[in-house]
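Here's the structure we're looking at; comments come further down.
Please treat every number below as a calculation from the coordinates, not as lab data. Just so we're clear, the structure is a prediction, and the values are computed from it rather than from any experiment. Reconstructed Cβ throughout: ideal geometry from the backbone, glycine too, with neighbour counts over all protein chains shown.
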DNA sequence: TATCATTGCATAGCATGCTGTTCAATTCCA
DNA sequence: TGGAATTGAACAGCATGCTATGCAATGATA
């Protein structure tokens, strides 16, 4: 392990993610948002009225994690939860006007962070890099799936 | 934002890091280790007797974060803290025999996760990918440095 | 249709990260 | 040399992740 730090994909990915999180947190803090709230809003801006279960599937986090994030978003008046018409267990997540108004500035902040992170990359390099990240997501997600009892 | 999820470096980095963390956590749990403890051990296996300040600099986390991780490691009998001979404020972090004995199995577990993550990559692709991660670390770390009042 | 399995969420408990604050030991300097 | 600034750590408070549980509403089925 002379330098696990510069040769391990996992170590580097963790470091890169922490750096991105710091930058994004700072960038959206003025808007009253935290990183996980921003990620959740990305889905809700795309399609409002999703259930917690939908968000869990789309963001690939555990149900309990999403429940906590939604509780904080409700507290901060970014969302409201309304009873689902056909299933009394589920609740529909609705954006507030405030949350809708944050779409443009929040996306601009996030784009700015991405731009700084990839500043030294040519367009081709950036594409290869992003494709690499997607491949790793695929590889590790697949791993998890194989662990599942699948069916039978 | 048709698919910020597949086009944003920050989003992908966060996802990749979470997937790595899940896999690593599962891989080292049988050894009684958690991810952050493993990262800390990586430095201590390399050089024992570091101070908290040294670890903070090498792992790029906040001092308070490291203090908490070291507290859990002490609780779990992975380290001992001894007074520094020349500075009464500092404490030297010493590995226990148990922690030393975990080096081989823990590294093997981590390598296995990295191997699965990069399974589809050729050696050249892997090198380019890791170089990309290092470049982003450099870019975002530099950003932070520029925020500092530097000196003057 | 009464019962059992599944499903959608809420909660509790814990690991990690971060920011902010406080304190005591050291260092600097006027 | 005595007070001010710096430095190494601890602590409090909070955001996110995860696992494990518990519960009420649904669904499936004998």
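Some points to look at:
- Intensity falloff of the stretch B:17-69 expressed as log10 I(q)/I(0), Debye formula with alpha-carbon point scatterers, at q = 0.13, 0.21 Å⁻¹: -0.33, -0.80
- Length-normalised contact order of chain A in % [C-alpha pairs under 8 Å, at least 6 apart]: 20
- Fluctuation leader among A:48, A:87, A:76 - chain A, Gaussian network, Cα springs under 10 angstrom: A:87
- Cα centroid separation, the stretch B:1-61 to the stretch B:105-119 (Å): 13
- Closest-to-axis residue of chain B (Cβ criterion, axis taking B to A), whole Å: B:17, 2
- For residue B:80 and residue A:89, a Förster radius of 41 Å and the Cβ-Cβ distance give a FRET efficiency of 0.20, rounded to the nearest 0.05.
- Of the residues B:18, B:58, B:142, the one that moves most in a GNM of chain B with alpha-carbon contacts below 10 Å is B:142.
- Taking a quarter of the surface of the Cα convex hull of the stretch A:46-152 gives a mean projected area of 9.9 nm².
- From least to most packed, judged by other beta carbons within 10 angstrom and beginning with the fewest, A:112, B:122 follow the order B:122, A:112.
- Helix axis angle, A:9-28 relative to chain A longest principal axis, alpha carbon, degrees: 50
- Sorted shortest first, the distances from the residue B:112 label point to those of the same residue in the other copies are 4.5 nm; each point sits 7 Å from Cα along Cα-to-Cβ.
- Evaluated at q = 0.31, 0.34 Å⁻¹, a Debye calculation over the C-alpha positions of the stretch A:46-86 (equal weights, vacuum) places log10 I(q)/I(0) at -1.21, -1.23.
- Label spacing, shortest first and in nm, from residue A:142 to its equivalents in the remaining copies (7 angstrom along Cα→Cβ): 3.5
- Between A:103, A:23, A:125, the residue with the greatest mean-square fluctuation in the GNM of chain A (Cα pairs under 10 Å linked by springs) is A:125.
- P(r) tail fraction, the protein assembly as shown - alpha-carbon pairs more than 36 Å apart, %: 24
- Using a 7 Å projection from Cα along Cα-to-Cβ, the label point at residue A:85 is separated from the same position in the remaining copies by 7.8 nm, smallest value first.
- The largest-to-smallest principal axis extents of the Cα set in the stretch B:5-102 are 52, 28, 21 Å.
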